[in-house]
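Derivation of every value follows stated rules applied to the coordinates shown; laboratory data play no part. Just so it is clear, the structure is predicted and the values come from calculations on it, not from any experiment. Methodologically, a virtual Cβ is constructed for each residue, glycine included, from the backbone with ideal geometry; neighbour enumeration extends over all protein chains shown.
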Amino acid sequence: MATEKDNFSFGNYLKSARIEKGISVGDVSATICVGTDILYLIEEEDHENLPEEVFVKSFLRSYAQVVGVNGDRVVHDYLADLHSFRQIEKMEAELLKSSEFFWLRLAFFFGGLFCLMAISVLVLSPASGPESLHNKPVSQTENLEITEDEKRPIAGRGIKEKTDNRRIESTLDNLTLKVTTLEETWITITVDNQDPKEYILNPEDRIELSTTSGFLIRIGNTRGIRIMVNGEPFNLPVNNEGPLTVRIP
């Protein structure tokens, strides 16, 4: 039996000796004046809930004396087991800390990567949206003049340009178109079968364009504009049902 006890750790060793001698936990508690709850923690080797080391060693010696075993051996086994317990606790704490730092670093990494991608998209991607007059290059056959304080792009269908009490001029040959705004409206003009340009117009805005072939014009409010072609009035039919499309000539 002594050989079997030698294989027990301190708590099981004391418990085995107590049971072998027929002593109850209550008897041990009454003899050494230590609560049964502490004695159960000793037998279960619950280091996490046991009191300070100095008290436990005193309890172990007293317990060992009651059940007739070597108190020094019990204390030695207790200290060895406590050291192992503390090493495991330390390793678990370091592992937890390392795991927390890992996830934190991972979050910072992906956050930085996302910000870098967003900045790259903003910086490297070409500007989208409708073409505005202030960023449209001037061709060899077109000369556009716009006052600097009135250059503002308008989002919308096709190529849109908003004018606010300004004059847009373009000089080419043969056919000259002049548009004067009376009421707020929009107008789309296609010149020489090129891409259409759409203008959002306010009262007193003017457009002047020239071409060698013709214009295709789509007007939102026919009452809102006056058109001159080569200096002559161009009469527009009144359209109350929707936009009007006309071709000049």
Calculated FRET value between Ile19 and Tyr40, using beta carbons and R₀ = 22 Å, to 0.05: 0.95
Under the Karplus curve 6.51 cos²θ - 1.76 cosθ + 1.60, θ = phi - 60°, whole-Hz ³J(HN,Hα) for region 64-74, x wherever Gly or Pro sits: 4, 5, 5, 8, x, 10, 6, x, 5, 5, 5
Centroid-to-centroid separation of region 186-220 and region 1-80 [C-alpha atoms, Å]: 101
Sequence-distant residues sharing a close amide H with Glu204 (under 5 Å, placed H): Thr181, Leu182
Rough spin-label spacing in nm, given labels placed 7 Å along Cα→Cβ, for Val54 and Asp81: 2.3
